[in-house]
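Q: Quick one: the structure is below, and I'll ask about it shortly.
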Amino acid sequence: MADSVISVQYLKDFVCSQINDDEKWAFNKKLLRAMGLFAGSIVLMRNYGDLMAI
């Protein structure tokens, strides 16, 4: 049980270090934008892909 508490604290520290460091945040922002665009394009094609058929 003590390992799960340590791992939760480790995850909190990791997330805070990724957000508070400007260089890491710049990369993570680009990565999040790319993942959002990819996921959005998948949703768009699944919903409206049949309209693009010739």
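Q: Can you confirm whether the range 1-14 contains a residue that is small (G, A, S), modelled with pLDDT of 90 or more and in a helix (DSSP H, G or I)?
A: Taking every residue of the range 1-14 in turn, none turns out to be small (G, A, S), modelled with pLDDT of 90 or more and in a helix (DSSP H, G or I).
Q: Give me a count of the residues in the range 31-49 that are of a type in the set (D, E, K, R) and either at pLDDT 95 or above or in contact with a helix residue (DSSP H, G or I) (Cβ under 8 Å, 6 or more places away or on another chain) (or both).
A: 1
Q: Same structure again: So, in the range 23-53, of the ones that are surrounded by 10 or more Cβ atoms within 10 Å (Cβ to Cβ) and charged (D, E, K, R), which residue ends up farthest from the chain's Cα centre (by Cα)?
A: The qualifying residue farthest from the chain's Cα centre (by Cα) is K24.
The values are calculated or read from the model by the stated rules, or taken from the named source; none is laboratory data. Computed from a prediction, not measured in an experiment: that's the story for all the values here. Reconstructed Cβ throughout: ideal geometry from the backbone, glycine too, with neighbour counts over all protein chains shown.
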